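Each remark here refers to the structure printed beneath this line.
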Amino acid sequence: MKVLTQNTALATFGHTIPAAFFTGGAFIAGVSAWLIVKNRDVEMAKPAAKLGLVTMIVSFLLVFVSGDISSRVMTNQQPMKMAAAEALYTTQSGAPFSLFTVGTLDGSRPVFSIDLPSMLSLLSTGNTKGVVQGVNDLEAKYKVQYGPGNYTPNIPLAYWSFRLMIGFGGLGLLFALLALWRMRKGGLPKGRWFLPAMISLPFLPLLANSLGWIFTETGRQPWAVFGLIKTADGVSPSVAAGNVAITMIGFTILYGILAVIEFGLIIRTIKVGPAPDEPQRLETEFGGDTERPLTMAY
Ligand code: HEM
């Protein structure tokens, strides 16, 4: 129970559930845009598109709030992950949030950066003057605390996956706002590039989710459980490399097949479109006046 209720699990749960709603909203909006392009079930597709877009906006706000909470919990429990996510090499108070940083090839210092002043301290500690520990200081500290080794994760990967998670999500939010604006007063989302872009909307949360996950898993390296178990120590000596390879290949093939089937079923369901309303269906299937009340039935 303690594992399930520890604050990283709670913060992450609160982050990934609205992220799933964000994805669902984008999916509904994308499919509705496709129906509008094909001029099929437009009367149903219009409110459905709005529902998807509003879901995206509301869930993004929740993703943002929970992401902010996650950032603080993460900085407290895994300070190296936040330092790597920000390419912050030396400990600072009032640390800036980097919009773009180029570092040296060995990843030990920045060469060029564009920053938002004090933003990182605010994000990580809730205070613009808060102290955020840097990669080089943490590396030196961990060498003393845990013994010789490399305690720095892949900085470019952590840096870009963190930014792109937020960036693709933010792009989805902007698009949802723009689409709702264009659909105000009952209008349709129109435009040579706009509707195709709206159909591609589900890819944005897909990318944001994948990058969030990549960030979470790679940013904690070399630890499986921060400060307790290294990933290298999690390797089971009694399982041969060949067995691991066979299991990996087996699972990849199995999930690949399932993905193809699922994708095919989704596309087929979208192409079939929504089921007609009951009176309409009865009329098409049996003919006659479905408006008249039913007087007798056996
Ligand atoms: C809006 C600003 C955002 C902030 C501040 C933020 C913050 C974070 C942080 C700090 C983590 C790492 C948690 C940890 O390693 O302990 C994380 C992970 C994650 N984020 Fe975000 N995020 C944001 C937007 C998004 C968006 C838009 C999505 C997807 C639609 C998303 C999906 C994820 C996912 C799937 C994870 C991985 C969770 C896990 O595997 O444990 N995030 N986010």
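Annotations
- Residues of region 38-53 satisfying the condition of being loosely packed, with under 15 Cβ neighbours inside 10 Å and either in a helix (DSSP H, G or I) or within 16 Å of the ligand (Cβ to nearest atom) (or both): VAL42, GLU43, MET44, PRO47, LEU51
- Any hit, region 79-92, residues being touching a residue at least 24 places away in the same chain (Cβ under 8 Å), away from the ligand (no atom under 16 Å from the Cβ) and in contact with an Asp or Glu (Cβ under 7 Å, 6 or more places away or on another chain): yes
- Looking only at region 231-249, and only at residues there that are in a loop (DSSP other than H, G, I, E, B) and open to solvent by less than 60 Å² (accessible area, probe 1.4 Å), the one that is nearest to GLN221 (Cα to Cα): SER236
- For first residues located in region 160-174 and more than 15 Å from PHE194 (Cα to Cα), partners that are assigned to a helix (DSSP H, G or I) and modelled with pLDDT under 95 and lie 6+ apart or on another chain with Cβ distances below 7 Å form the pairs PHE162/ALA85.
- Those residues of region 203-221 which are open to solvent by less than 30 Å² (accessible area, probe 1.4 Å) and more than 10 Å from the chain's Cα centre (by Cα), in sequence order: PHE215, GLY219
- Region 112-136, residues that are touching a residue at least 24 places away in the same chain (Cβ under 8 Å) and more than 23 Å from SER70 (Cβ to Cβ): SER113, ASN136
The values are calculated or read from the model by the stated rules, or taken from the named source; none is laboratory data. None of the values given here were measured: they were computed from a predicted structure. Because the Cβ atoms are built from the backbone with ideal geometry, glycine has one as well, and the counts that use them run over all protein chains shown. Ligands, DNA and RNA are stripped out before the accessible areas are found, and what is left, the full protein with its side chains, is counted by its heavy atoms. Shrake-Rupley method; radii C 1.70, N 1.55, O 1.52, S 1.80 Å.
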